[in-house]
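Laboratory data are not the source of any read-out in this text; all were calculated from the coordinates shown. Just so we're clear, the structure is a prediction, and the values are computed from it rather than from any experiment. Here Cβ is always computed from backbone atoms with ideal geometry, including for glycine, and neighbour counts include all displayed protein chains.
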Amino acid sequence: MKRETSDGSLVQLRAYIAQGDFNLNDRLPSERELSEVLGIGRADLRKAFAVLESEGSIWRHVGRGTFIGNGKGADSQTTAAIAKRTSPQEVMYARLVLEPQLAREAALSATADNVEQLHNTSIQIRQAKTWRHYETLDNQFHNLISEATQNTPLIALFEQLNALRRTIVWGQLKSRHEQPPVDHPSFDEHEFILAAIHNRDSEAAEKGMRDHLLTVRNRLFPTG
């Protein structure tokens, strides 16, 4: 199975295109502008472009730019169509159903490399300078947990749900430029989940993920 880029760059780019309501052959912003808007490096952006170009979802012309294609790649179109029929609350509920189980399976199946990548990402999350960068790293952390299950269907389910999540929340981040606070609760919650996976404690990993997502839900939807 073709993996999405683990740093979340491809998911970020897919979400941006899906939310942007682009038409065939519309030109995307420049690499520099997209890199700033998405909160990712230009090298990672080019890797994401390469994946979408191989699918036919975009095409590039030297000296002119990058344009929306109509090839065989339909992930972003499918995600955009689903996004129009759902709500942030439904997506949050789906996450609560799936992701605690992914954390449980990760605790049982994670390799030493999986744990090291999660550890490194959790450090980078605390160092995020903008909310956009934080969201990219948060996406990476949750994606790494799905990969740690070593289960291809579960990884694919997560990738589809995660692409939908990023599309749904994209517009909420456009005006957020400040840095996450040092006491942002997700920092400690991520590290609790990481410790549980490292210790092979599947129950703690499942509970930690559920508690983390409930914190996110209560922050996004304080009235329930």
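Rounded to the nearest 0.05, the FRET efficiency derived from the C-beta distance between residue 112 and residue 151 at R0 = 25 Å is 0.85.
Could you state the angle between the C-alpha long axis of helix 202-220 and the longest principal axis of the C-alpha atoms of the chain, as a value from 0 to 90 degrees rounded to the nearest 10? Compared with the principal axis, the helix lies near 60 degrees. Shape of region 94-209 from its Cα gyration tensor (a ≥ b ≥ c, root eigenvalues): rounded if a/c is under 1.5, otherwise prolate when a/b > b/c, or oblate? Judged from the Cα gyration tensor, region 94-209 comes out oblate (a/c at least 1.5, b/c at or above a/b). Relative contact order for the chain: 27 percent, from Cα pairs under 8 Å spaced at least 6 residues apart, divided by residue count. So which residue, out of 157, 96, 108, gets the largest mean-square fluctuation from a GNM of the chain using Cα contacts under 10 Å as springs? Looking only at 157, 96, 108, the biggest GNM fluctuation is shown by 157. Evaluated with a Cβ-only charge set (Lys, Arg +1; Asp, Glu -1), the chain carries a dipole of roughly 760 debye about its Cα centre, given to the nearest 20. Could you compute the net charge surrounding residue 42? Neighbours are other residues with a C-beta less than 9 Å from the C-beta of residue 42; K and R count +1, D and E count -1. Result for the local shell: 0. Here region 40-125 has an Rg and Dmax of 17.8, 50 Å, counting Cα atoms alone. Just so you know, the Cα atoms of the chain work out to an Rg and Dmax of 17.2, 54 Å. For the options 135, 90, 189, a Gaussian network treatment of the chain with springs between C-alpha atoms closer than 10 Å singles out 90 as fluctuating the most.
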